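Worksheet for the structure shown next.
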Amino acid sequence: MDERHIVSIDLGTSKFAIAVAKVEGDNIHIIYYKEHPAHGIRYSRILNPTQASRELKKGIETAEQELGIKITQVIVGMPKYEVRQEAAHMTMERNPEELISKEEINNLKEMAIDTYPLANPEAEVLFGAVAQSFSNGEEFQIVEEEFEGMAGNQIEGNFKLFIGRASSIRNIDLAFNNIGICVARKYFTPDSTAKAVLSDSEMDNGVALIDFGAGVTSLSIYYGNIMRHYAAIPFGGSVITKDIKSESSISETLAENIKLAFGACMPDKLQNMSEKILHITSSTTSHTKILPVKYLSEIITARVREIIEAVLYEIQASGMADQLKSGIVLTGGCANLANCANLIKEMSGYSVRTGYPKKLFSVSGCEGIYESNAAVSVGMILTGKQEKNLNCLLPVEKTSSVEIESEYGQEPQPEEENTGIQEDDIQNDGTLFGTGGESKDTPEQQPRAKEPKKPKPPKTPKGVTWVKDKFSSLGNLFGSYYDEISKEIDNEQI
């Protein structure tokens with residue numbers, strides 16, 4: 001049985017995560033997972049390829065050194081924000097004497113991506129297309145599993161299209177080209193993440209998946225095992241950290257550290273924790289800052305409420321609010337905030353659970369792979385596994401499986417006990433995660449990375465008809481916030 005490896009990189013606003021998996025047939029064995037601080041990334045998209053590539057190079061070299069491998073290409077997630085969705089109807093004539101085959105259905109899907117007439121091909125790119133239903137001209141609203149094998153003189157497909165900035169995709173290529181790594185695949189991660197954390201029954205009966213990240217909070221609604229709606233807002237855990245920094249007059253890095261250690265929603269339900277007080281000291285001043293945990297929770301709860309109100313607005317705007325029989329599943333880094341799921345349940349009336357990666361794989365020495373913030377990485381690996389020719393590594397000579405296993409199985413070193421919070425204890429690089437590893441030159445045998453391609457104007461084949469129907473974005477209720485963020489993005493200097 002052929003062995004191959006998949007390397008996924010989840011590009012987040014505050015951190016990026018590298019995961020390495022060994023695939024043998026249908027078996028997946030994750031052998032590496034580590035998070036690193038991110039720079040040059042805003043709202044889940046790369047704004048400064050040079051800054052981003054520096055940190056990516058350190059992280060990739062760390063993985064290579066620890067595993068004794070050579071990474072030549074990776075799979076990467078596409079940005080989650082500034083993605084608009086459109087509905088489109090596509091029709092193609094066919095021979096009525098033949099039954100509809102799987103190949104015809106796949107061809108229709110490929111045309112949905114390759115031939116859709118973008119309004120501005122130079123500035124926009126199609127991230128993906130999800131088939132909603134099919135028709136043979138007589139029967140309508142047929143799911144794909146039932147459509148194959150039917151007869152008809154035409155096939156029609158209703159698609160949900162996801163369109164984003166071409167510059168966002170181009171910057172991904174530029175960042176990885178800068179370190180000599182080829183981007184083998186780019187995935188629109190909301191769909192792959194859902195497959196990693198949602199059950200088949202949840203996706204069938206109706207569920208809303210909220211990915212609560214640092215810079216972006218995204219919403220994916222599933223019904224009938226199909227993604228029916230997608231939206232994202234440019235707010236997440238990073239704005240919560242900034243609120244703590246502003247209200248407590250401390251550094252942003254210390255605010256993030258305190259949020260991770262003591263952050264919680266719903267201050268009235270903290271019980272004994274609400275009576276605790278944090279004493280923050282610094283060697284530069286004799287003044288000790290006081291931060292009650294209850295006040296910290298009030299700061300966090302106020303911002304989380306604002307973010308969830310925007311998400312609930314999107315659920316109502318989708319027209320699917322009454323179809324969510326399985327409620328809401330919360331994943332992402334901020335899903336770990338204490339009482340966050342309870343707050344969403346109180347605000348929405350839906351049942352809410354925290355989504356962790358399903359145990360569809362084996363693991364060796366990968367701390368954190370089953371946490372909610374690893375869901376995107378796991379989802380990309382599960383998706384990449386379906387592509388039989390995908391292999392992200394060069395073979396390494398004279399490396400036995402026993403040696404590799406011993407490397408994977410290393411136990412993490414215990415952390416030193418810390419009896420208080422010291423502002424000087426925060427790392428000098430201003431991050432919460434150590435980068436590790438030393439920089440080294442790229443070997444000569446490194447394959448040449450692919451140059452980013454300019455988008456070409458689509459050519460619609462004969463017999464194919466497109467009808468567009470734009471979906472509306474967030475309403476005026478949150479319009480001022482989005483205008484402010486859009487201006488910030490547009491004015492960003494790279």
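General remarks:
- Region 356-370, residues that are within 23 Å of Glu66 (Cβ to Cβ) and either under 14 Å from the mean Cα position of the chain (by Cα) or not acidic (Asp, Glu) (or both): Pro357, Phe361, Ser362, Val363, Ser364, Gly365, Cys366, Gly368, Ile369, Tyr370
- Within region 338-365, the set of residues being open to solvent by 20 Å² or more (accessible area, probe 1.4 Å) and of a type in the set (S, T, N, Q) comprises Asn339, Asn342, Ser348, Ser351, Thr354, Ser362.
- Flag for Ile75 being modelled with pLDDT of 90 or more, open to solvent by less than 20 Å² (accessible area, probe 1.4 Å), among the hydrophobic types (A, V, I, L, M, F, W, C) and closer than 25 Å to Asn158 by Cα: no
- Top-ranked residue in region 169-197 [being over 30 Å from Gly224 (Cβ atoms) and of a type in the set (S, T, N, Q); ranked as least open to solvent (accessible area, probe 1.4 Å)]: Asn171
- Of all the listed residues (Gly263, Gly319), the sole one being buried (at least 16 other Cβ atoms within 10 Å of the Cβ) and out of contact with any Lys or Arg (no Cβ under 6 Å at 6 or more places or on another chain) is Gly263.
- Filter result for the condition that a residue is at pLDDT below 95, assigned to a loop (DSSP other than H, G, I, E, B), among the aliphatic types (A, V, I, L, M) and surrounded by fewer than 19 Cβ atoms within 10 Å (Cβ to Cβ), over Met92, Met1: Met1
- Matching residues, region 122-137, being part of a loop (DSSP other than H, G, I, E, B) and modelled with pLDDT under 90: Gly137
- Close pairs from region 301-317: first touching a residue at least 12 places away in the same chain (Cβ under 8 Å) and within 12 Å of Cys340 (Cα to Cα), partner buried (at least 17 other Cβ atoms within 10 Å of the Cβ) and hydroxyl-bearing (Ser, Thr, Tyr), Cβ under 6 Å, at least 6 apart: Ile307/Thr217
- Some residue of region 209-221 being assigned to a helix (DSSP H, G or I) and either farther than 22 Å from Met347 by Cβ or in contact with a Gly (Cβ under 9 Å, 6 or more places away or on another chain) (or both): no
- Taken over region 334-355, the residue count meeting the criterion of being part of a loop (DSSP other than H, G, I, E, B) and within 16 Å of the chain's Cα centre (by Cα) is 1.
The values are calculated or read from the model by the stated rules, or taken from the named source; none is laboratory data. In this text the structure is predicted, and so the values were computed from the model without any measurement. Please note: Cβ atoms are built from the backbone with ideal geometry, for glycine as well, and neighbour counts cover all protein chains shown. The protein model used for the area step is the full one, side chains on, heavy atoms only, and it has no ligands, DNA or RNA in it. Shrake-Rupley method; radii C 1.70, N 1.55, O 1.52, S 1.80 Å.
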